[in-house]
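Beneath this line is the structure, given in structure tokens, with notes to follow.
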Amino acid sequence: MPTGFSRPKIKLVDVLIDARKLRDFGIGTYIQNLAEGLREKAEMGFLCYPEDKGKLPGRCWTVRSRGYSLREQWEIWRTVRKIPHRIYHSPHYVFPILYRGNLIVTIHDIIHILFPQFFPRGASMYARAMISRAATRAKYLITVSFRSARDISSRFPAAEKKLRVIYNGLNPVFFQAPSRDRVDWARSFSPYILAVGNNKPHKRFPLLIKVFERIRKKFPGLKLLIAGWKGPVPEGVHTLGKIPLKDLAALYAEAEVLVHPSLYEGFGFPPMEASCFGVPVITARVGAVDEILGEDAYYFEGEEELEVLLEEVLKHRDQAKERARRAKEKVRGLTWERSSAEHLEVYRSLP
């Protein structure tokens with residue numbers, strides 16, 4: 001594995017990362033953990049909003065422009081061109097189109113293009129334009145699953161030879177046993193099915209709730225917990241909103257099964273995180289889930305198949321746990337240390 005860059009006497013930034021999405025759920029996790037993984041291996045610099053200055057392991061240059069605007073394009077380009085740096089890394093498909101240096105762009109997925117009905121009008125057109133430009137301008141395009149790589153290259157042929165697949169890592173909290181008090185809190189809900197995610201339409205929680213209402217008649221006392229959003233739900237369903245990772249770890253550990261009904265993902269964190277605790281996973285074939293878990297997860301396409309699988313897992317728990325045990329072995333290597341090292345290899349390949 002690479003040991004890092006030599007550090008020149010001039011204040012040159014090896015890699016300048018756009019960290020404005022630090023507070024976002026998925027991309028924010030990516031930025032934070034990538035930055036931590038590279039802390040001792042490269043001289044890092046970040047573009048960030050004033051409220052996030054000091055939250056990353058490197059010098060931050062503050063900007064104020066919010067995303068998806070002409071002002072953003074102008075301010076980011078003007079700021080970046082004043083900072084001595086070797087590589088500019090955009091962790092999202094938005095980057096300053098006037099930039100002419102060593103550019104790396106991470107494209108987690110192309111959901112805006114595949115499912116435009118889930119997003120504001122014009123979002124798909126904007127994403128298509130920016131990704132098309134990234135495909136021609138960037139030295140490399142990083143994505144987080146081979147499925148995403150296929151989706152990107154099928155719609156943007158110029159991207160194919162530039163794509164590098166680097167799986168995300170999982171937070172270290174998911175590789176540790178939860179504390180006793182958090183386990184006791186999680187057990188207060190038992191027995192329960194767990195789902196994790198925000199309430200965006202493609203997450204398909206209404207489908208899961210509909211199936212749960214039927215399953216609950218066969219398993220009295222069973223609950224459905226949804227962590228990540230808060231909203232009105234039927235009896236027996238609990239939405240917990242965004243919770244600390246230590247609480248989420250305990251919920252995973254005590255769940256009967258994790259259900260991930262999402263229609264599309266770039267990577268798919270919840271099935272991997274649940275697998276860290278040997279919890280059976282029922283999921284759609286999305287992101288890197290089947291690439292990593294293989295046949296040690298249960299896969300469904302439609303509502304009826306989900307109901308059948310839920311009943312099977314709840315009735316035959318020993319068999320489900322054996323699958324989950326094998327899945328647990330498969331996710332052990334999903335660390336941010338590995339992911340950041342693979343990013344570093346990409347950085348080091350550029351002059």
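Here are a few things to note about the model shown:
- Any hit, the stretch 159-180, residues being of a type in the set (A, V, I, L, M, F, W, C) and farther than 24 Å from Gln32 by Cβ: yes
- Listed by first and then second residue, the pairs linking a residue in the stretch 47-59 that is without any contact (Cβ under 8 Å) to a residue 24 or more places away in the chain and part of a helix (DSSP H, G or I) to a residue that is of a type outside the set (Phe, Trp, Tyr) and surrounded by 13 or more Cβ atoms within 10 Å (Cβ to Cβ), with Cβ atoms under 7 Å apart and 6 or more places separating them unless they lie on different chains, are Pro50/Thr62.
- Some residue of the stretch 130-141 being crowded, with 17+ Cβ neighbours inside 10 Å, closer than 20 Å to Ser262 by Cβ and in contact (Cβ under 8 Å) with a residue 24 or more places away in the chain: no
- Across the stretch 57-75, the qualifying residues are those that are over 12 Å from Ile17 (Cβ atoms) and hydrophobic (A, V, I, L, M, F, W, C), and the one among them that is surrounded by the fewest Cβ atoms within 10 Å (Cβ to Cβ) is Leu70.
- Taken together, the residues in the stretch 232-261 that are under 14 Å from Leu194 (Cβ atoms), in contact (Cβ under 8 Å) with a residue 24 or more places away in the chain and not β-branched (Val, Ile, Thr) amount to 15.
- Within the stretch 294-324, restricting attention to residues that are among the hydrophobic types (A, V, I, L, M, F, W, C) and touching a residue at least 40 places away in the same chain (Cβ under 8 Å), the residue that is surrounded by the fewest Cβ atoms within 10 Å (Cβ to Cβ) is Leu314.
Each reported figure results from applying straightforward, stated rules to the coordinates on display, with no laboratory input. This is a predicted model, so every value here is computed, not measured. With ideal geometry, Cβ positions are generated from the backbone for all residues, glycine too; neighbour counts draw on all protein chains shown.
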